[in-house]
Amino acid sequence: MTKRDVMIYGRYERFWHWSQALLIFALFFTGLRIHGTHSILKFGQAVTIHTYAAYALMALWVFTTFWNFTTGQWRQYLFQKGILKVIRFYAYGILVGEPHPYKKSLQRKQNALQALAYMTFMVIIGPALWLTGIIYLFYNEWSGFAWSGDALWMVAVLHTVAAFAMGTFVIIHIYMTTTGKTPLHYVKTMITGYDKVELSEVEEAYLAETKTVDMR
Ligand code: HEM
């Protein structure tokens, strides 16, 4: 095994990551205005920006789902063993300078806890937001029924609960990004795409021959 500087996040991966981050910030900020938490924007402005950003995010999710399946990257998110070791590390080991229990590889870029967190994001929080969001968006089409008022209230509550779950995810995610070798190490990795990864001799020879992944 040798450690090499390898492009672990390709161009499209970095593009969807940062544009998703930007859109979620915009949606949370405008969503909180619609909810009544602040009044930095006009209500109408917040609704317009929220609607455009929501369409952009849903389009991005469609492309990214396609990318995940066509590149085989979806396998990165599958459940893996060792989650308790990772939880123990973040709760205790990190405070006393223990090494991280997980070694990054090209096949598994994420540790067990990360994979579970991203899976929750993709199959629970994300779908809860776009499903309730679309129903909310098309309220005019179903506003004429006797149950419309109660249903709108339910949809708004579910959308808000999912939005706060997303907010919690983002805060924990940002804290986690500061726990690398230096506080900005992981952020730099997601900007440049490169990180040090252990490669077996076979992997190194394969990558040198096929040039399917860039190495520095
Ligand atoms: C993914 C697609 C999404 C769609 C289609 C969508 C759609 C909507 C719509 C139509 C509204 C109501 C606007 C109005 O009153 O006219 C709304 C409100 C809201 N949205 Fe979204 N949204 C999405 C994503 C998000 C995300 C990612 C967040 C936060 C992280 C978020 C947070 C909120 C909040 C907090 C409200 C206010 C809820 C209330 O108090 O009634 N939304 N959204």
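The values are calculated or read from the model by the stated rules, or taken from the named source; none is laboratory data. All figures in this text were calculated on a predicted structure; none of them were measured in a lab. Glycine gets a Cβ as well: all are built from the backbone with ideal geometry, and neighbour counts include every protein chain shown. The protein model used for the area step is the full one, side chains on, heavy atoms only, and it has no ligands, DNA or RNA in it. Shrake-Rupley method; radii C 1.70, N 1.55, O 1.52, S 1.80 Å.
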For this session: Give me the number: length gained by fully extending residue 213 to residue 98, i.e. 0.36 nm times residue separation minus the C-alpha to C-alpha distance, one decimal in nm.
Result: 38.3 nm
For this session: Round to the nearest 10 and report in Å² the accessible area of residue 35, as given by a 1.4 Å probe over the protein chains' heavy atoms.
Result: 110
Seminar exercise, completed: For the chain, the convex hull over Cα atoms projects on average to an area in nm² of 14.6
Exercise. Which lysines does residue 196 reach when only Cα atoms under 28 Å apart count, and residues fewer than 8 places away in its own chain are ignored?
Worked result: 3, 81, 85, 103, 104, 109, 181, 188, 211
Exercise. In sequence order, what are the phi-derived ³J(HN,Hα) couplings for the stretch 151-156 according to the Karplus relation 6.51 cos²θ - 1.76 cosθ + 1.60 with θ = phi - 60°, rounded to whole Hz, with x for glycine and proline?
Worked result: 5, 4, 4, 4, 4, 5
For this session: Determine the order of 122, 1 by accessible area, beginning with the largest, at a probe radius of 1.4 Å.
Result: 1, 122
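Ignoring the sites themselves, what is the longest stretch of the chain with no chymotrypsin sites (Phe, Trp or Tyr not before Pro) in a DSSP loop and at most 16 other beta-carbon atoms within 10 Å?
By the stated rule (loop sites, at most 16 other Cβ atoms within 10 Å), 1-78.
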For this session: Give the relative contact order (percent, whole number) for the chain; include only Cα pairs under 8 Å separated by 6+ residues.
Result: 36
Seminar exercise, completed: Within the stretch 13-112, DSSP-loop trypsin sites (Lys or Arg not before Pro) with at most 14 other C-beta atoms within 10 Å are 42, 81, 103
Exercise. How large is the helix-only mean residue ellipticity at 222 nm for the chain, computed as the sum of -39500 (n - 2.57) over DSSP H runs with n ≥ 4, divided by its residue count, in deg cm²/dmol to the nearest 500?
Worked result: -20500 deg cm²/dmol
Exercise. With the chain treated as a Gaussian network of Cα nodes joined by springs under 10 Å, which of 13, 141, 204 yields the largest mean-square fluctuation?
Worked result: 141
Exercise. Largest first, what is the accessible-area ranking of 148, 19 with a 1.4 Å probe?
Worked result: 19, 148
For this session: Might you work out the accessible area of residue 3 for me, using a 1.4 Å probe with all protein chains in place, and round it to the nearest 10 Å²?
Result: 120
For this session: Determine the distance separating the Cα centre of the stretch 23-86 from the Cα centre of the stretch 170-209; give it in Å without decimals.
Result: 23
